[in-house]
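J.: The structure that follows is given in the form of structure tokens.
The values are calculated or read from the model by the stated rules, or taken from the named source; none is laboratory data. For clarity, every value in this text was computed on a predicted model and none was experimentally measured. All Cβ positions, even for glycine, are placed from backbone atoms using ideal geometry, and neighbour counts span all protein chains on display. Please note that ligands, DNA and RNA were not included when accessible areas were found on the heavy atoms of the full protein model with its side chains. Shrake-Rupley method; radii C 1.70, N 1.55, O 1.52, S 1.80 Å.
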Amino acid sequence: MATLELRNVTKKFKSDIVLDDINLEIAKGELGVLVGPSGCGKSTLLRMIAGLEPITSGDIKLNNKVINKKEPKDRDIAMVFQNYALYPHMTVFENMAYGLRIQKYKKAEILKRVDKAAEILELSSYLYKTPGELSGGQRQRVAMGRAIVRQPAVFLFDEPLSNLDSHLKVQMRREIKRLHRELGVTILYVTHDQTEAMTLAEKLIVFNKGRIEQISSPIGIYENPASIFVGSFIGYPSMNFLKGKIKNNKFVISDNELLDVNAETSNSVEDVVIGFRPENIYLNNDDYINENSLKLKVDEIELLGSDVLIYTNVEGVLENNKIILRMHKLLDLKYQDIISVNIPKKHIHIFDTNTGKSI
Amino acid sequence: MKYYTYSKNKIVPYLFIAPQILVTILFFIWPSMMAVWQSVQEGDPFGISSEWAYIYNFKDVFLSKSYLHSLWITLLYGLFVSVFATVFGLILALLVCRVKRFAYIYKILLIWPYAVAPVIAAVLFRFLLNPAIGILTEFFSLFGYEWNYHLNQWDAFWIVVVSAVWQQISYNFLFFLVGLRSIPKSLLEAASIDGASNFQRFFHITLPLLSPTTFFLIVMNLIYSFFDTFGIIHIITQGGPSNSTNILVYKVFNDGFVGLDIGVSAAQSVILMLIVTSCVLLQFKYVEKKVHYS
Amino acid sequence: MKYDLFKNFFIHVLLILCILIIVFPLYIAIVASTHTAEALLNAPLPLLPGSEGLNNYTILLTKGAEVTGGQPLLPMLYNSFKLAMIVSLGKIFVSILSAFAFVYFKFPLRKFFFWLVFATLMLPIEVRILPTFQVVSTLGLMNSFSALCLPLIASATATFLFRQFFLTIPYALADAARMDGATPWRFFKDIILPLSRMNIVALFIIMFIYGWNQYLWPIVALTDSEMSTILIGISQLMSVADQIPQWNFVMGSAILAMLIPVVIIISLEKWFEKGLVR
């Protein structure tokens with residue numbers, strides 16, 4: 001049974017369709033992550049679920065009850081904002097207690113809940129400081145504490161880590177995971193950062209231009225992207241794409257038969273894009289040449305420490321020929337060297353050029 | 001733009017704006033409309049009967065020599081007050097900006113006239129420049145100049161200009177000081193490295209960067225000289241001698257309350273409104289532009 | 001190095017000279033207020049303070065300059081203070097509420113009301129003095145304190161400044177307050193009002209001075225000397241200043257009339273600057 005359920009949710013601003021027919025379920029206790037580029041409508045969707053913005057059509061259900069028309073406070077949903085949105089003139093305690101005070105909770109109850117949240121978030125010794133005296137990470141925790149004390153059915157996170165430096169980001173990511181584990185709460189989390197999305201999500205929802213591109217587990221999305229967009233958006237460095245045709249189970253660019261592929265439409269000729277990830281490209285040994293091979297010319301080499309990125313061009317192809325390889329060890333390569341690599345069939349994804357969808 | 005959409009009670013925003021709307025309608029819209037209405041009516045001074053005068057009141061206004069004179073005086077007065085207040089304000093701000101020690105004390109000693117009412121400024125200068133006993137009058141007579149603003153039209157003009165400028169310098173000074181302090185040091189340093197002299201730095205960097213402030217201040221100074229200085233005229237010259245200081249706002253007051261020619265006074269009010277409105281619109285336009293650039 | 005020292009010295013001298021010129025009228029006024037009227041009848045006037053100061057000010061505050069049928073200044077000062085307080089507090093009250101509504105609500109006719117209010121920015125009361133007078137007398141408010149204050153409150157300067165300030169408050173605070181279940185009034189009272197403290201103080205200073213220094217409207221709207229402000233009192237003294245010269249009293253009144261606003265501006269300089277220049 002889904003805790004949070006979206007049915008045919010649509011949002012229009014005047015005549016622009018911002019969100020188009022969104023269907024989504026987050027199960028009780030599940031951590032769902034909505035990921036997409038900025039401006040794709042994911043924050044709008046979150047605000048609509050929170051009740052901060054009206055929806056044009058469709059239903060938002062919480063525990064099987066439609067909540068579309070309810071005021072935000074009556075929805076049993078809490079939200080953690082991107083810039084924390086802490087009240088600057090209130091102490092940490094007052095920030096967390098404000099919502100409870102408005103709902104007229106008893107003093108003792110407020111005290112109990114805030115104390116407990118502060119303990120979980122390691123904020124106990126900061127309760128009487130104002131947000132201005134706290135570090136970015138601490139403010140982030142206060143923002144979460146404000147959500148926790150309300151004990152809502154669902155937590156919404158709107159890009160909560162985007163203002164932190166990369167070191168703190170990693171730390172807070174783990175903290176959110178720990179919270180989720182300890183409190184067992186339902187979370188819908190919005191981010192534009194695919195690493196954050198991959199590492200946090202139990203259910204990953206890839207969003208683009210107001211539509212859902214794919215819903216799956218992170219690994220499912222990584223290994224079987226449903227579209228070119230998903231393939232390119234998830235994973236770093238991005239998936240390699242080559243544009244061409246399929247002829248007799250072979251991928252062809254302007255009459256160059258390049259690679260074997262598992263095409264279902266065996267003999268037909270169609271416009272396709274094939275995609276494969278940088279780490280699924282293997283170097284051929286001198287003594288053993290794999291059949292599914294490509295010749296690449298080295299353009300640039302980038303050291304990442306643990307890995308090496310090799311930027312190359314496909315030999316004999318003039319346009320759309322860039323390919324990135326990810327290797328685990330430093331190779332003795334230099335600019336303009338020609339290397340021979342193979343790409344196993346099972347790692348090659350085929351997409352329709354026109355729709356961008358996986359075939 | 002998002003709004004605090006509080007769906008349950010649609011009346012709430014209206015409650016918040018109600019007091020402001022009420023005073024605005026009662027004491028602004030209504031009188032303004034009334035002025036416009038009266039400006040196209042011709043009536044007896046007691047308001048018992050009236051009939052359409054169309055643009056005749058305006059024609060009367062613009063055909064009257066005394067009005068055109070008053071308009072001319074107002075413009076001249078506005079020009080002198082604006083230029084002097086702006087220039088002196090800028091010079092003082094530049095000086096204070098250059099010193100580190102005592103800067104705060106200098107600032108305090110320069111801004112206090114802002115708190116002094118124009119009327120009080122007028123009282124002070126009427127004493128200083130009193131034809132019989134004024135200290136400055138005595139000073140002028142050392143040079144053989146017989147100062148008397150009761151008789152000499154230009155003396156009268158200058159005494160009101162000086163009173164107005166004295167009061168307005170502090171306002172200009174403060175805006176320029178804040179403007180100057182917000183100019184990034186690195187810009188001036190870069191210019192010095194490029195070999196710019198003090199003067200070049202001032203004219204090529206400081207002044208252009210201050211231009212929004214300067215423009216704002218000139219418009220504010222004009223509005224100040226056109227309207228806020230009523231008290232100065234009223235205290236020192238009452239528009240005289242022979243109308244040499246009879247600026248528009250004083251004339252409206254005189255024609256309306258003393259002359260009781262409602263239609264003509266209203267027409268003058270409407271013209272004044274148009275003058276201020278154009279000043280303010282100009283200001284807005286400029287501010288908008290500035291916002292676009294930054 | 002030597003050159004710089006000299007240049008700095010030069011700037012200080014220049015500044016002190018300018019300040020002396022600006023302070024000179026005030027100094028002369030203070031000096032004049034400490035002499036007898038007779039001492040100020042003929043040139044040359046004294047340039048140093050006399051001994052009548054205490055006496056002059058006591059007379060002014062409690063009895064007024066009798067020769068000219070003057071009134072004691074103390075009640076006038078009180079009236080000016082009352083006017084300044086009502087105008088500044090009234091303006092702040094009216095404008096903070098409407099600015100809040102304009103920034104945080106979307107409602108029918110919002111644009112219309114917005115322009116209605118902001119049109120007042122364009123017309124100082126001096127411009128519409130006669131029609132305002134007529135409206136006030138139509139409303140039967142003539143010669144009352146409300147007649148004095150209300151038209152001065154009807155200006156959008158403060159509304160404009162508050163609006164500018166609210167637009168700098170992150171909008172997410174409003175979202176957070178809604179999530180917390182705050183009604184608009186509570187959001188205003190608990191969040192916006194405390195955050196506006198500094199702006200309120202700054203605006204108060206400016207509006208207080210604006211109210212205190214009002215001149216044209218009070219002489220038009222008030223005929224009852226009971227309600228006279230200090231500036232009206234001075235104006236009455238001045239109207240006979242050339243016939244029955246009592247410059248010691250005139251200057252004393254001027255000093256008293258500027259004392260409160262000047263003290264406010266000097267002691268709250270930081271706030272004043274913030275409010276004025278933003």
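J.: What does the helix-only formula give at 222 nm for chain C: each DSSP H stretch with n ≥ 4 adding -39500 (n - 2.57), the total divided by the residues, and the result rounded to the nearest 500 deg cm²/dmol? Kindly include the intermediate steps, with their values, before the conclusion.
T.: On the way: 13 runs with 184 residues, N = 278.
Computed mean residue ellipticity for chain C: -21500 deg cm²/dmol.
J.: Could I ask something else about it? Using 7 Å Cα-to-Cβ label points, what is the A:E119/A:L303 separation (nm, one decimal)?
T.: For the pair A:E119/A:L303, the computed spacing is 5.0 nm.
J.: In addition: Scan chain A and report its longest stretch carrying no trypsin sites (Lys or Arg not before Pro) that are both in a DSSP loop and have at most 12 other Cβ atoms within 10 Å.
T.: On the way: sites that count: A:K14, A:K69, A:K104, A:K106, A:K329, A:K334.
My reading of the result: A:107-328 is the longest stretch.
J.: If I require 24 Å or longer along the helix axis, counting alpha carbons, and a Kyte-Doolittle average no lower than 0.5, what helices from chain C are left? Use full DSSP H segments.
T.: Numbers: long enough: C:2-32 (43 Å, 2.00); C:73-104 (46 Å, 1.57); C:247-267 (29 Å, 2.14).
Qualifying helices: C:2-32, C:73-104, C:247-267.
J.: Still on this model: With +1 on the Cβ of every Lys and Arg and -1 on the Cβ of every Asp and Glu, and nothing else charged, how large is the dipole of the stretch B:57-160 about its Cα centre, in debye rounded to the nearest 20? Numbers along the way, then the final one.
T.: On the way: 7 positive and 4 negative charges, 115 e Å.
The calculation lands at about 560 debye.
J.: How much accessible area is lost when chains A and C come together, counting both sides, with a 1.4 Å probe, in Å² rounded to the nearest 100?
T.: Buried surface at the A/C interface: approximately 1700 Å².
J.: Once C and B are treated as a pair rather than alone, how much accessible area drops out, both sides summed, in Å² to 100, probe 1.4 Å? Write down the numbers at each step before the final one.
T.: On the way: alone 16630 and 18870 Å², together 26340 Å².
Interface between C and B: roughly 9200 Å².
J.: Right, something else. Is the shape of the stretch C:74-131 rounded, prolate or oblate, going by the alpha carbon gyration tensor and its root eigenvalues a ≥ b ≥ c, with a/c under 1.5 for rounded and a/b larger than b/c for prolate?
T.: Numbers: a/c = 4.75, a/b = 1.72, b/c = 2.76.
Judged from the Cα gyration tensor, the stretch C:74-131 comes out oblate (a/c at least 1.5, b/c at or above a/b).
J.: For A:K295 and A:S162 in the same chain, what is the full-extension length gain: residue separation times 0.36 nm, less their Cα-Cα distance, in nm?
T.: Values: separation 133, 0.36 × 133 = 47.88 nm, distance 4.05 nm.
Taking 0.36 nm per residue and subtracting the Cα distance, the gain is 43.8 nm.
J.: Once a ≥ b ≥ c are taken as the square roots of the eigenvalues of the Cα gyration tensor of the stretch C:17-95, is the result rounded (a/c under 1.5), prolate (a/b larger than b/c) or oblate (a/b not larger than b/c)?
T.: oblate
J.: If you don't mind, there's one more thing I want to ask. Mind checking the per residue accessible area of the stretch A:214-359 for me, 1.4 Å probe, whole number of Å²?
T.: Values: 8020 Å² over 146 residues.
Value for the stretch A:214-359: 55 Å² per residue.
J.: Sort B:M220, A:M144 by accessible area with a 1.4 Å probe, largest first.
T.: On the way: B:M220 60, A:M144 0 Å².
These residues rank, largest area first, as B:M220, A:M144.
J.: Which FRET efficiency value, to the nearest 0.05, do you get for C:A119 and B:Q153 by plugging their Cβ-Cβ distance into 1/(1 + (r/R0)^6) with R0 = 35 Å?
T.: Working: r = 37 Å, r/R0 = 1.07.
Given R0 = 35 Å and the Cβ-Cβ separation, E is 0.40.
J.: Moving on. Work out the charge dipole of the stretch C:74-277 with +1 on the Cβ of Lys and Arg and -1 on the Cβ of Asp and Glu about the Cα centre, then indicate which of C:I206, C:T229, C:S196 is farthest towards its positive end.
T.: C:S196
J.: Can you give me the pair-distance distribution of the protein assembly as shown, C-alpha pairs, 20 Å bins, whole percents?
T.: Distribution as computed: 11, 31, 28, 19, 9, 2, 0 percent.
J.: By accessible area of protein heavy atoms, probe 1.4 Å, what ranking do B:S182, B:S82 get, highest first? Before the final figure, lay out the partial values.
T.: Numbers: B:S182 85, B:S82 5 Å².
Final ranking, largest accessible area leading: B:S182, B:S82.
J.: Still on this structure, please answer the following. Could you state the number of Å between the C-alpha centres of the stretch A:206-265 and the stretch C:10-72?
T.: So the two Cα centres are separated by 90 Å.
J.: Assuming a ≥ b ≥ c are the square roots of the Cα gyration tensor eigenvalues, decide whether the stretch A:240-352 counts as rounded (a/c under 1.5), prolate (otherwise, with a/b larger than b/c) or oblate.
T.: Details: a/c = 1.93, a/b = 1.84, b/c = 1.05.
Prolate.
J.: Suppose R0 equals 60 Å; then what is the FRET efficiency for C:F9 and A:K329 from their Cβ-Cβ distance, rounded to the nearest 0.05? If you can, show how the numbers build up before the last one.
T.: On the way: r = 71 Å, r/R0 = 1.19.
After rounding, the FRET efficiency stands at 0.25.
J.: Put +1 on the Cβ of every Lys and Arg and -1 on every Asp and Glu Cβ in the stretch C:1-158; which of C:S80, C:Q134, C:I59 then has its Cα farthest towards the positive end of the dipole?
T.: Positive-most Cα among the choices belongs to C:Q134.
J.: Additional query: Rounded to whole Hz and in sequence order, give me ³J(HN,Hα) for the stretch A:311-320 from the Karplus expression 6.51 cos²θ - 1.76 cosθ + 1.60, θ = phi - 60°, writing x for Gly and Pro.
T.: 8, 9, 10, 6, 5, x, 10, 8, 10, 6
J.: Let me ask another. Kyte-Doolittle mean at least 0.5 and Cα extent at least 18 Å along the axis: which DSSP H helices of chain B qualify?
T.: Details: long enough: B:12-24 (19 Å, 1.61); B:65-98 (49 Å, 1.61); B:153-181 (41 Å, 0.97); B:207-223 (23 Å, 1.81); B:262-293 (46 Å, 1.04).
Span-like helices here: B:12-24, B:65-98, B:153-181, B:207-223, B:262-293.
J.: For chain A, find the longest principal axis of its Cα atoms and tell me its angle to the long axis of helix A:107-120, 0 to 90°, nearest 10.
T.: 30 degrees
J.: How far apart, in nm, are the 7 Å Cα→Cβ label points at A:H89 and B:L209?
T.: 3.4 nm
J.: Along the Cα-to-C-beta direction of B:S186, a point sits 7 Å from the Cα; which residues of the stretch B:194-227 have their amide N less than 19 Å from that point?
T.: Answer for the stretch B:194-227: B:194-196, B:205-206, B:209-210.
J.: Another question about this same structure. Would you calculate a helix-derived [θ] at 222 nm for chain B, using -39,500 (n - 2.57) for each DSSP H run of n ≥ 4 and dividing by the full residue count, to the nearest 500?
T.: On the way: 14 runs with 197 residues, N = 294.
Using -39500 (n - 2.57) per qualifying helix, the result is -21500 deg cm²/dmol.
J.: How much length is gained on full extension from A:N63 to A:Q171, taking 0.36 nm per residue of separation minus their Cα-Cα distance?
T.: Values: separation 108, 0.36 × 108 = 38.88 nm, distance 3.20 nm.
Value of the extension gain: 35.7 nm.
J.: On full extension of the chain, what length is gained from C:K63 through C:I30, given 0.36 nm per residue of separation minus the C-alpha to C-alpha distance?
T.: Working: separation 33, 0.36 × 33 = 11.88 nm, distance 1.99 nm.
Length difference between fully extended and current span is 9.9 nm.
J.: Hey, got the dipole for the stretch C:74-277? About the Cα centre, +1 on K and R Cβ, -1 on D and E Cβ, debye to the nearest 20? Working shown, then result.
T.: Working: 13 positive and 9 negative charges, 161 e Å.
The dipole of the stretch C:74-277 has a size of about 780 debye.
J.: When the dipole is taken about the Cα centre of the protein assembly as shown, and only Lys, Arg (+1) and Asp, Glu (-1) are charged at their Cβ, what size is it in debye, to the nearest 20?
T.: So the magnitude is around 1940 debye.
J.: A further question follows. Given the whole protein assembly as supplied and a 1.4 Å probe, what does the accessible area of A:V341 come to in Å², nearest 10?
T.: 0 Å²
J.: Just to verify a number: what accessible area does A:E257 come out at with the full protein assembly present, 1.4 Å probe, Å² rounded to tens?
T.: 120 Å²
J.: FRET efficiency for B:E51 and B:K10, Cβ-Cβ distance as r, R0 = 60 Å, nearest 0.05? Let's see the in-between values first.
T.: Details: r = 45 Å, r/R0 = 0.75.
According to the calculation, E is roughly 0.85.
J.: Say each of A:E279 and C:R197 gets a label point 7 Å from the Cα, pointing the same way as Cα to Cβ; how far apart are those two points in nm?
T.: Result: 5.3 nm between the two label points.
J.: For chain B, which span is the longest to avoid every loop-located (per DSSP) member of chymotrypsin sites (Phe, Trp or Tyr not before Pro) having at most 12 other Cβ atoms inside 10 Å? Please report the intermediate quantities before stating the final value.
T.: Values: sites that count: B:F46, B:Y54, B:F143, B:Y145.
In short, B:146-294.
J.: Another one. Just how far, in whole angstrom, is the stretch C:121-189 from the stretch A:316-359 if you go by their alpha carbon centroids?
T.: Rounded to whole Å, the Cα centres lie 66 Å apart.
J.: Got the relative contact order for chain C handy, in percent, Cα pairs under 8 Å and 6 or more residues apart?
T.: On the way: 269 pairs, mean separation 84.1, N = 278.
30 percent.
J.: So, one more: At a 1.4 Å probe radius, carbon and sulfur cover how many percent of the accessible area of chain A?
T.: Values: 8110 of 17200 Å².
That fraction is 47 percent.
J.: Right, next: Once the dipole of the stretch A:4-233 is set up with Lys and Arg at +1 and Asp and Glu at -1 on Cβ about the Cα centre, which of A:A153, A:H167, A:V35 lies farthest towards its positive end?
T.: Of the listed residues, the answer is A:A153.
J.: May I ask for the longest run of chain B untouched by trypsin sites (Lys or Arg not before Pro) that are loop-located per DSSP and have at most 15 neighbouring C-beta atoms (other than their own) within 10 Å? All intermediate terms of the calculation are to be shown ahead of the outcome.
T.: Details: sites that count: B:K2, B:K8, B:K10, B:K100, B:R101.
Free of exposed loop sites, the longest segment is B:102-294.
J.: Can you tell me what the convex hull of the Cα atoms of the stretch C:74-277 projects to on average, as an area in nm²? Don't skip to the end; give the middle numbers.
T.: On the way: hull surface 55.2 nm².
Hull-based average projected area comes out at 13.8 nm².
J.: Distance between Cα centroids, the stretch B:204-237 to the stretch A:14-37: provide it in whole Å.
T.: 56 Å
J.: Within 10 Å of each Cβ in peptide A:79-88, how many partner chain Cβ atoms are there on average? Round it to a whole number, please. Mind showing how you got there, number by number?
T.: Details: counts 6, 2, 6, 2, 5, 4, 9, 4, 8, 6.
Taking all residues of A:79-88 together, the mean is 5.
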